[in-house]
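Participant: Before we start, here is the structure in question, set down as structure tokens.
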Amino acid sequence: MKFPNFTLTPLLICFVLGVICNIQFEVESPFLNTHLLSFCLLGLLIAWIAKKNNFIFVPTLLCIISFFIGINRANQALQVDKDHFMTKHQVDDPNQLQITITDRLRSTPTYHRYYADVIALNDKKASGKLLIRMRKEDSLELDLDFTLKTSNALKPIQASNNIGGFNYKNYLLSIGVSHQLDLNDFVELKRKRFSLMGWLRVLKQQKLNAIESSAFKEETKQLLMALILGERSELDRVWMDRYAQAGIVHILAISGLHMGLLMVLLGWFFKPLRYLPKGNYIQVFMIIISLWCYAFLTGANASVIRAATMFSLFSIGTYLKRSPPTLYLLLLSFGVLIFSNPLYIKQLGFQMSYLAVFGILILQPILVKLLPIKNRLLDRFWVMTTVTLAAQIAVSPLAIYHFHQFPGLFLITNWAVLPFVALYLYLGIGSLILLDWQILPTFLIDILDLMTAGLNNFVLWVVNQEVFFFEELRLSVHEVLLTYTLLVFLYFMFIKSKRRTLVGLFFGILLLQWQAHKSRIANEATTAVWLMPAYNNTVLFYKNKKTLSVFSSEDMARNNRLVEEFQNEFSIDTIAIEGLKNSYTLEDKTLFFIDSLWAEGFDFKKQKNLLVLTKNTKVNLEAILLQNDVDQIIADGSSYPSFKNRWKKTCNKFDIPFYDTQKEGPYLLSTKTRNIGF
């Protein structure tokens, strides 16, 4: 498919660049009134389309204005709303929160977890979103749309503590969650007013309960909840990993595939409406309403909203008999969603969803022409294959960057599973309807159980072909950008684009290649020492070029999470694990580790010292600070919070800096290559 060459394309690109510059690089706009900019843009756009002015400055000015509108819109999205609960939160006094449970998350061994919307704070209307945790031994699971009042204290979300680890705090901020609540004391409230979202949550909970109490096998229940209702919190973690290794984890997330199949079903279901006066209009209206209800029923994540928006535009275009090319609709839906919520741009699901569809629409027509097939059946098979290839090519660089793995048998799994999903989805929807009417036949239960077992056995066979599963793959940000720029260059070269476009892309590739090479050399040359935030252990990392030396007070495996995540950030060839010593020399300082076996009479050197307090040591910290020259006190993850709080108070008393690796992350001890005595 030829890339769109219409008025809004460069404006949309400039708008998105403005959003990215503000969110990622904090670029500010000199203009404060977005509405004024919008009117200017609209006037110039009309003038351009009407061809009243053909000077080159008009499109250039339009692009500049679009860029600043993107910056302003992103800045608005990052600002706290006046009704947000944090603007009304009392720091020194107790707060009464009223919240409604909106989503269930996967439970941990200790906690049930949920997302909740804030309704009111201290009896005043408020908004916002929270992460809720409840200890399993203290409570039962809460239902969706459960409304309650509590005075439990709010806590800020803590940042990721590991080098190269997934930054859970950034992810939560991208979906509007900045605080969490450990819930242990609350009062249930009754809903006073009807709301559509509340009704949809109650409906979803009823369907989940119906599936849970049905005669399906446990694996079938979990798969039905995930495929039809978007509820993956009940899905076994082991099977989630297996689906990812097989390359078909996307079928477990409600997205364009599910919405497209549902739209086909809705088109058939509402077809009789065409015989009414203005029946086509009514049919399209009912399809769009149904799609959006389903989108919100399943949680309204970014990929679902993308699919619902695009299929809604497609339905409207079909009704008007002026349906533009699908790529135009994709660009339009992308612009609408980014304008409505610029933070979507940070969500991985949103990025991969659009990349997959862009890949299908742009790359698939090229791939399908490489092997013309006359046989109708084989041609259908080849088309399905090229769709899978195009989507995989488009998302693979980003997927490898985040997950560091690649499923080599993705084609085989998609050949087998994609036709299966359509049948399973339709049978599952029919089963839910019959389940509500309490007339679900046994043979249908047996069929779905058999299909689930067959799917799981096939996935298990694929996963056992370990030689085709590639792990520990590493791509830097520059290498990801380089890969996508190269794909764009090849695409424009294939469609025989203008020479200046190809030359520009070529020099862009050279620039990115130079930057990627420069970044890799700097990465490999890094020499530094960190005290890591290991739980119930004291761990020191010493990176010398491409060698990592790990010093640990407890036994530690090479595939430890700290080590694996560290390799996501730095290129490592050799890993050596040794026992931790009592002290190390770092440049002009000495690092001492003080544990429960500490000897009070230890003779400090007459120089600056860094003390690491470990394993709940009962050392007399005041005496040490009085008698010695100490630069800083550091506490790692091997001590209880109560001990750390006491040490922090002592440090404040003596005006000595205190650092807690569990709260503040790894402590960088040295970045110089000389005078590091190990």
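The values are calculated or read from the model by the stated rules, or taken from the named source; none is laboratory data. On a predicted model such as this, the values are computed, not experimentally measured, just so you know. With ideal geometry, Cβ positions are generated from the backbone for all residues, glycine too; neighbour counts draw on all protein chains shown.
Participant: If I ask for residues that are surrounded by 17 or more Cβ atoms within 10 Å (Cβ to Cβ) and closer than 18 Å to residue 329 by Cα, which ones from the stretch 259-291 would you list?
Facilitator: Listed by number, the residues that qualify are 259, 263, 284, 287, 288, 291.
Participant: Residue check: is residue 510 within 29 Å of residue 360 (Cα to Cα) and either surrounded by fewer than 13 Cβ atoms within 10 Å (Cβ to Cβ) or touching a residue at least 24 places away in the same chain (Cβ under 8 Å) (or both)?
Facilitator: Yes; evaluated as a whole, the condition is true for this residue.
Participant: Right, next: May I ask you to verify whether residue 481 is closer than 21 Å to residue 574 by Cβ, among the aliphatic types (A, V, I, L, M) and at pLDDT 85 or above?
Facilitator: no
Participant: If only one of 340, 312 is of a type in the set (S, T, N, Q), crowded, with 17+ Cβ neighbours inside 10 Å and within 20 Å of residue 293 (Cβ to Cβ), which one is it?
Facilitator: Going through 340, 312 in turn, just one is of a type in the set (S, T, N, Q), crowded, with 17+ Cβ neighbours inside 10 Å and within 20 Å of residue 293 (Cβ to Cβ): 312.
Participant: Give the number of residues within the stretch 513-531 that are assigned to a helix (DSSP H, G or I) and either touching a residue at least 60 places away in the same chain (Cβ under 8 Å) or touching a His at 6+ places or on another chain (Cβ under 7 Å) (or both).
Facilitator: 3
Participant: Still on this structure, I have one more. Going by the conditions given, is residue 427 aliphatic (A, V, I, L, M), assigned by TED's automatic domain parsing to the domain that holds residue 257, in contact with a Leu (Cβ under 7 Å, 6 or more places away or on another chain) and surrounded by fewer than 18 Cβ atoms within 10 Å (Cβ to Cβ)?
Facilitator: Here the answer is yes, as residue 427 does meet what is asked.
Participant: Are there helices (runs of 4 or more DSSP H) fully within the stretch 1-119 with at least 3 residues that are more than 29 Å from residue 191 (Cβ to Cβ) and modelled with pLDDT of 80 or more? List them.
Facilitator: Where helices (runs of 4 or more DSSP H) fall fully within the stretch 1-119 and carry at least 3 residues being more than 29 Å from residue 191 (Cβ to Cβ) and modelled with pLDDT of 80 or more, they are 8-25, 57-78.
Every residue, every condition in (1) under 29 Å from residue 11 (Cα atoms); (2) not aliphatic (A, V, I, L, M), yes or no:
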| site | (1), (2) |
| --- | --- |
| 312 | yes, yes |
| 315 | yes, yes |
| 330 | yes, no |
| 334 | yes, yes |
| 341 | yes, yes |
| 347 | yes, yes |
| 362 | yes, no |
| 371 | no, no |
| 382 | no, yes |
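Participant: While we're on this one: Would you check which residues across the stretch 197-249 are over 20 Å from residue 456 (Cα atoms) and in contact with a Phe, Trp or Tyr (Cβ under 8 Å, 6 or more places away or on another chain) and list them?
Facilitator: 197, 200
Participant: List every residue pair whose Cβ atoms lie under 8 Å apart, where the two residues are 6 or more positions apart in sequence or sit on different chains, the first residue falls within the stretch 622-646 and is more than 15 Å from residue 593 (Cα to Cα), and the second residue, located anywhere, is among the basic types (Lys, Arg) and outside any strand (DSSP E or B).
Facilitator: Between residues of the stretch 622-646 that are more than 15 Å from residue 593 (Cα to Cα) and residues that are among the basic types (Lys, Arg) and outside any strand (DSSP E or B), the close pairs are 622/653; 629/606; 629/608.
Participant: Taking the stretch 228-244, which residues are crowded, with 22+ Cβ neighbours inside 10 Å, within 19 Å of the chain's Cα centre (by Cα) and either part of a helix (DSSP H, G or I) or of a type in the set (Ser, Thr, Tyr) (or both)?
Facilitator: 243
Participant: Ok, one more. May I ask you to list the residues in the stretch 208-227 that are surrounded by fewer than 19 Cβ atoms within 10 Å (Cβ to Cβ) and in a helix (DSSP H, G or I)?
Facilitator: Residues satisfying the conditions are 209, 210, 212, 218, 219.
Participant: Any idea which of 285, 269, 311 is under 28 Å from residue 104 (Cα atoms) and hydrophobic (A, V, I, L, M, F, W, C)?
Facilitator: Every option except 311 fails the conditions.
Participant: To continue, here is another question. For the stretch 149-171, indicate whether the set of residues that are exposed (fewer than 12 other Cβ atoms within 10 Å of the Cβ) and either part of a helix (DSSP H, G or I) or assigned by TED's automatic domain parsing to the domain that holds residue 531 (or both) is non-empty.
Facilitator: Within the stretch 149-171 (the criterion being exposed (fewer than 12 other Cβ atoms within 10 Å of the Cβ) and either part of a helix (DSSP H, G or I) or assigned by TED's automatic domain parsing to the domain that holds residue 531 (or both)), the answer is no, since none of the residues qualifies.
Participant: Among the candidates 398, 432, 450, single out the residue that is surrounded by fewer than 19 Cβ atoms within 10 Å (Cβ to Cβ), closer than 26 Å to residue 353 by Cβ and either more than 28 Å from the chain's Cα centre (by Cα) or β-branched (Val, Ile, Thr) (or both).
Facilitator: Going through 398, 432, 450 in turn, the sole match is 432.
Participant: Now for a separate question. Of the residues 355, 361, which is in the same structural domain as residue 306 (by TED's automatic domain parsing) and either loosely packed, with under 14 Cβ neighbours inside 10 Å or at pLDDT below 90 (or both)?
Facilitator: 361
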